[in-house]
Protein chains: 2
Amino acid sequence: MAEKALLRALKGETLATPPVWLMRQAGRYLPEYRAVRAQAGGFLDLCYNPDFAVEVTLQPIRRYGFDAAILFSDILVVPHALGQKLWFAEGEGPKLEPIRDAEGLKPLSRERFHERLAPVYETVRRLRRELPAETTLIGFAGAPWTVATYMVEGGGSKDFAHAKLWAYRDPAGFQALIDLLTDSTIEYLSAQVEAGAEALQLFDTWAGALPPEAFRLYAIEPARRIAAALLARHPAVPLIGFPRGAGMLYAEYAATTGVQGLGLDTAVPPDWAAAALQPKACLQGNIDPLLLAAGGEALVRTVRDRVIRLGGGPYIFNLGHGILPFTPPENVAALVEAVRRPT
Amino acid sequence: MAEKALLRALKGETLATPPVWLMRQAGRYLPEYRAVRAQAGGFLDLCYNPDFAVEVTLQPIRRYGFDAAILFSDILVVPHALGQKLWFAEGEGPKLEPIRDAEGLKPLSRERFHERLAPVYETVRRLRRELPAETTLIGFAGAPWTVATYMVEGGGSKDFAHAKLWAYRDPAGFQALIDLLTDSTIEYLSAQVEAGAEALQLFDTWAGALPPEAFRLYAIEPARRIAAALLARHPAVPLIGFPRGAGMLYAEYAATTGVQGLGLDTAVPPDWAAAALQPKACLQGNIDPLLLAAGGEALVRTVRDRVIRLGGGPYIFNLGHGILPFTPPENVAALVEAVRRPT
């Protein structure tokens, strides 16, 4: 069988039609997702139940024939598996019992890590069996800085005040948290590969909040360590780094982390990315999810623009951030059509 | 008398010690500000009462001897003067009656614009008289895109969904709002100069949320128009543009808007800025306000780093975003000391 399109792109091949998938393609904008979600109960029950998680992962593949399926899970299962209390308050997002200093790290432990994550690995195993032959299975994890922000703030945050104050006032203590997360992420992603993941993505959603010095310490260096460890263990499995909001530090991230793919956020100018980043990595992105929600002529025009400007090198079509819940499903169909029939 | 340091930097001069001021230097972190705020009543009462507004503008000058004072006001006085309802709910930030389409623009009018803003101009006039001879008086306005987000969302927002959906679905209607704000901003800033402002800053706080196409339309083009109109009317008064979060589009903004100064957000790497931006404009920035709040050795080290990396060309020391309310006032003193006695 011919190699899957997404894996060819991540190996550096320029394809006539870029493979396409969308961040949060399994999600609340789909009525069939909302039906399973209602059946599952809480959000974590959905993540930890392989029957439900497999089903919602497959839903957008059936509907749109995306070139990749991404494991349905949440970046916060890692702190949860390390022993931090985690719950999802309806309509409020994740809540954790915050950890604010080195002392707070002591109760965390990797002892039951893989045991707690076993349902996620089971989901990956089943997905690999059930996906169409041409569809790539992507595993993922949150990057250490982004996961750390939730662990320290106790949930989402506007300015990451507690995480940054800890990092600035006690760099050694905060580094212990980053190191714990870096090591745990390596183990977690390796186990996903052993269960059947064919490519991996590392989501650093809040990387853009870091000043350059901190970006190097907490975004670049952990990604470099994760990429190196995965390359040593699983040389055939590519890693896509997504340091959202990195600005011109995308260039340094691309040059020094060793990732094979680079997720571009909505703000990255495609011509700059093609010139400065594409020689180093396969690019992925970067339509504004709100443009997808708006739909119409502007969406189709911008999709074609990205295919032209980024498709001259290794490229995977995607958004620059996750699909929004109020997105009309027919706009997603129009996007896929515009990628695959560009004129 | 010798020309003021801040104005010399904005004319392109490299100074031995960079002038220093801080965004939101008049604010809640100062006990004397909180005392006036309690006396004034509502936040808008503070902005529109020249006695109070002059006093809080002067407070940080007395305490720290900053090289510049920035008019105490709010970016939302412009939509307010155009006739949009505006109020500040205690602890919740600004609230406006949202405008979501071209029809919603009809009640807005420039008829009573300067009349409603007269107390702001009076504050500027008094400040110019009362400030020390070496202190530059900076006037300011919100940039059209940033002000538009508040007008359309009806307040602060996480993803600017309504503003972007309007822009994507009805570009002509949204452009009418941007044009109205561009013209109004030119009038507002000109009137501040006529009242005594010696330099101006245009705050585009949410520019980083715009994809490149929209950044060119709604951040660069309005800034270019504003800079050109002000240059024609007041050629001696420099304009500092602050397109926060612009990433690598800072270069295009610097090259095409014609601003004399460029505010750098916390994410901009100083070496890149010195090489790519400083030949085009005087730079201003870019310490993380959370590093100022943390204080200590890391603050002093990073202050000295910025003075070295950016001080080799025209440079104004500042933060990359506004001072946070929980900042210890003694950390601000330590920052000023580190800028002025770098070793």
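The values are calculated or read from the model by the stated rules, or taken from the named source; none is laboratory data. Because the structure is predicted, anything quoted here is derived from the model rather than measured. So basically every Cβ, Gly included, is an ideal-geometry build from the backbone, and we count neighbours across all protein chains shown.
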Among the residues that make up region B:307-321, is at least one of them within 12 Å of chain A (Cβ to nearest Cβ) and in contact with a Phe, Trp or Tyr (Cβ under 7 Å, 6 or more places away or on another chain)? no
Could you run through region A:6-28 and say how many residues are closer than 19 Å to A:PHE140 by Cβ, out of contact with any Cys (no Cβ under 7 Å at 6 or more places or on another chain) and crowded, with 16+ Cβ neighbours inside 10 Å? 11
Among the residues of region B:216-238, what is the count of those that are within 14 Å of chain A (Cβ to nearest Cβ) and among the aliphatic types (A, V, I, L, M)? 3
Please indicate, with yes or no, whether at least one residue in region B:205-215 is more than 12 Å from every other protein chain (Cβ to nearest Cβ) and at pLDDT 95 or above. yes
How many residues does region B:48-97 hold that are surrounded by fewer than 16 Cβ atoms within 10 Å (Cβ to Cβ) and either among the small types (Gly, Ala, Ser) or closer than 25 Å to B:TYR150 by Cα (or both)? 10
Residues (among the hydrophobic types (A, V, I, L, M, F, W, C) and assigned to a loop (DSSP other than H, G, I, E, B)) located in region A:83-110: A:ILE99, A:LEU108
Among residues of region B:198-252, those that are more than 19 Å from B:ASP159 (Cα to Cα) and of a type in the set (A, V, I, L, M, F, W, C), counted: 20
If I ask for residues that are assigned to a helix (DSSP H, G or I) and under 22 Å from A:THR123 (Cβ atoms), which ones from region A:188-208 would you list? A:TYR188, A:LEU189, A:SER190, A:ALA191, A:GLN192, A:VAL193, A:GLU194, A:ALA195
So in region B:135-187, with the set limited to residues that are over 28 Å from B:GLY91 (Cβ atoms) and part of a loop (DSSP other than H, G, I, E, B), which one is nearest to the other protein chains (Cβ to nearest Cβ)? B:ASP170
Go through region B:98-156 and give me each residue that's over 14 Å from B:TYR188 (Cα atoms) and of a type in the set (Phe, Trp, Tyr). B:TRP145, B:TYR150
Residue list for region A:273-284, restricted to those being more than 10 Å from chain B (Cβ to nearest Cβ) and surrounded by 20 or more Cβ atoms within 10 Å (Cβ to Cβ): A:LEU277, A:GLN278, A:ALA281, A:CYS282, A:LEU283, A:GLN284
Selection within region B:261-272 - surrounded by fewer than 23 Cβ atoms within 10 Å (Cβ to Cβ) and either at pLDDT below 95 or more than 8 Å from chain A (Cβ to nearest Cβ) (or both): B:ASP271
Within region B:284-293, can one find any residue that is of a type in the set (Val, Ile, Thr) and closer than 21 Å to B:ARG62 by Cβ? no
Expected single match for buried (at least 22 other Cβ atoms within 10 Å of the Cβ) and either in a strand (DSSP E or B) or more than 14 Å from chain A (Cβ to nearest Cβ) (or both) among B:GLY258, B:GLY241, B:GLY247 is B:GLY241
Here are the criteria: (1) in contact (Cβ under 8 Å) with a residue 40 or more places away in the chain; (2) closer than 30 Å to B:LEU86 by Cα; (3) in a helix (DSSP H, G or I). Tell me which single one B:LEU7 does not satisfy. (2)
